[in-house]
1. Suppose every K and R has +1 on its Cβ and every D and E has -1 on its Cβ; what is the size of the dipole of the chain about the Cα centre, in Debye to the nearest 20?
2. If you wrap a convex hull around the C-alpha atoms of segment 112-171 and split its volume per residue, what is the figure in Å³?
3. Starting with the fewest neighbours, write out Met153, Met196 ranked by other beta-carbon atoms found within 10 Å of each beta-carbon.
4. How would Ser190, Ser43 line up from fewest to most surrounding beta-carbon atoms within 10 angstrom?
5. For q = 0.14, 0.17 Å⁻¹, what log10 I(q)/I(0) does the chain give under the Debye formula with an equal point scatterer on each alpha carbon and no solvent?
6. By how many degrees, 0 to 90 and rounded to 10, does the Cα axis of helix 112-134 deviate from the longest principal axis of the chain?
7. For the chain, modelled as a GNM with alpha-carbon contacts under 10 angstrom, which of Ile121, Ile74, Ile42 fluctuates the most?
8. For segment 58-170, just run the numbers: alpha carbon Rg, then divide by 2.2 N^0.38 Å, N being how many residues it has.
Amino acid sequence: MNVLVLCVYMGLNISIIADAEHWLEQAERLYSERRYCSACEISKWLRAQGFSSPDLEHNLGVSALACGDLGTAIYYLRRAACAQPFQREHTDALQAARRLVPHAPTPPRDTTILAFWANLIARISWVIGWCCFVAIHFRYGGKLGVVGLVFLMASLAAWGIATYATAQERKFPWAVVHHRCEVRAGNGESYPVALMEGKPLILIPGSEVQALGQRSNGWILLAIEGRAVGWAPRSCLYLSAEPILWR
């Protein structure tokens with residue numbers, strides 16, 4: 001019986017994967033034909049099935065932008081840019097989408113590039129450091145040993161910076177507003193609308209904020225430019241990661 005269940009489960013997985021491959025090709029074809037709304041719907045379905053890649057998210061973001069869905073566009077374009085921060089196509093599309101959001105708050109800082117460079121420096125320093133230690137057995141080995149120690153210490157420091165940047169990104173994830181929402185002074189509709197510079201704080205689709213934490217009722221504390229400003233329901237946001245749950 002267990003073998004039969006396992007075979008059925010494996011068969012279902014294989015059929016889903018095979019079907020998804022077909023839809024991946026379909027989404028790519030529709031995108032290349034500039035049938036953006038259809039490509040957007042298929043790409044969303046693929047993401048819901050767990051398929052993800054920078055190219056898929058870039059195409060989904062551009063398609064959503066062409067269909068006028070700024071929140072979805074900026075969320076997926078930022079995901080693509082975070083995954084491949086040096087891919088000019090991703091960053092240019094993200095900046096173009098951001099320019100369409102009127103009076104948007106300053107986006108939360110992206111630590112992806114910092115973590116990338118810190119990891120790269122750590123790896124290079126680690127290799128150079130050990131090469132210097134190997135050279136101790138040869139002429140001028142003593143001096144090279146000191147140099148190697150310096151490089152190894154630098155690699156550990158760089159790894160520490162990369163780990164910290166990644167942890168901060170996960171602890172306080174960025175988020176994108178996907179439909180208009182009024183930011184509240186507390187975690188519920190019963191609280192008054194929060195004020196910013198004396199005006200009611202209303203976020204429009206495409207606004208980028210930072211999530212500081214969430215309550216069990218699904219309301220999330222938001223920060224703009226590093227300062228807590230109020231609460232918004234989870235249903236209004238695309239989140240890059242799961243915020244801390246406060247009891």
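1. Charge dipole of the chain: 760 debye, to the nearest 20.
2. 49
3. By the 10 Å Cβ count, ascending: Met153, Met196.
4. Values: Ser190 7, Ser43 30.
The most exposed by this proxy come first: Ser190, Ser43.
5. Normalising to I(0) and taking log10 leaves -0.99, -1.19.
6. 20
7. Looking only at Ile121, Ile74, Ile42, the biggest GNM fluctuation is shown by Ile121.
8. Details: Rg = 20.7 Å, N = 113, 2.2 N^0.38 = 13.3 Å.
Segment 58-170 yields a ratio of 1.56.
Readers should treat all values here as calculations from the given coordinates under stated rules, not as data from a laboratory. Model, not experiment: these values are computed from the prediction. Note that each Cβ is placed from the backbone with ideal geometry, even for glycine, and that neighbours are counted across all protein chains shown.
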